[in-house]
Structures are given as structure tokens and as C-alpha cells.
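First the structure, in the form of C-alpha cells, and then the observations on it.
The values are calculated or read from the model by the stated rules, or taken from the named source; none is laboratory data. Treat the numbers as computed from the prediction; the structure is a model and nothing was measured. Please note: Cβ atoms are built from the backbone with ideal geometry, for glycine as well, and neighbour counts cover all protein chains shown. Accessible surface is based on the protein model in full, side chains and every heavy atom, while ligands, DNA and RNA are left aside. Shrake-Rupley method; radii C 1.70, N 1.55, O 1.52, S 1.80 Å.
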Amino acid sequence: MTRLILVGAAVAGLLAPAAAAPARLGVTAKEFRFSLSRTVLKRGPAVIELDNFGQDVHDLRLRRVGGTRTYGVRETKPGGRAELDVKLQPGVYRLWCSIADHRARGMYASFRVR
């Protein structure tokens, strides 16, 4: 008969809660608009995914209102996908396409982090 004996740190490691999965936000790009999979995310780690279903190249810029740091997703070709891993603080975030006049033509959106 085999017995399993766990002691000290080994038991603590098995009983520790799993790390929370990052929040996820899907952003669909088409000419000339963004569609978001949700408008509210939880604070902390997040994955922002840009899916380009348009016919033009698009990118994504992201900044918290009142913040100074701008995050970016690289240029993504039609049919392409790109991801951005960020840590989000509470507030309202604005995102936009920075290519040519895409923002002026309507490629922007916002979401809230709580």
C-alpha cells in the first residue's frame, strides 16, 4: 500500500488560490470603425486583441483618460490579429487607429475599467 504524505510548503502550494485570469477585450476593426466585445473590464492584467476584418491595414492605440502613457498594437494587415498585454488601472480608456485619417473617419472607441 502506498501512502502520500504532504508537509508544510507543499500543502500550502496545493491549497493556494489560482492566479486570476487576465481580463480580455476583443476589438474588431473594419473601415472605419472599432467594435468592442465588452465595454467594462476588471482592473489588473488584461489582453487586448485586435482582429482586422477590414480591407486596409489598421493598428490600435490605447490611453487612460488623464493618463500619459499610450499603449500600441502594431499595424495589422487585413485578416490579421495582434495582441497587447497590459495592466489596467480603474478609469475610462480611449482607443483609436493611428493610421492616416482613420481616427477622424470614426475609428475610435472607449471602455471602462473598474
| request: Could you check the simple spin-label distance between K87 and V40, using points 7 Å along Cα→Cβ, in nm with one decimal? | output: 2.5
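Apply 1/(1 + (r/R0)^6) to the Cβ-Cβ distance of T68 and A20, taking R0 = 30 Å, and write down the FRET efficiency to the nearest 0.05.
That gives a FRET efficiency of 0.65.
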| note | In nanometres, the difference between 0.36 nm per residue of separation and the alpha-carbon distance of A100 and R114 is 1.8 nm
| task | Compute the relative contact order of region 9-114 as a whole-number percentage, counting only Cα pairs closer than 8 Å that sit 6 or more residues apart in sequence. | result | 28
| said: Could you report the accessible area of T39 in Å², rounded to 10, computed with a 1.4 Å probe on the protein chains as they sit in the structure? | reply: 90
| Under the Karplus curve 6.51 cos²θ - 1.76 cosθ + 1.60, θ = phi - 60°, whole-Hz ³J(HN,Hα) for region 34-42, x wherever Gly or Pro sits | 10, 10, 9, 6, 7, 10, 9, 10, 7
| Among the lysines, which have Cα under 17 Å from the Cα of K77 when same-chain residues fewer than 8 positions away are ignored? | K30
| message | If you count only protein heavy atoms and use a 1.4 Å probe, how large is the accessible surface of E31, to the nearest 10 Å²? | response | 70
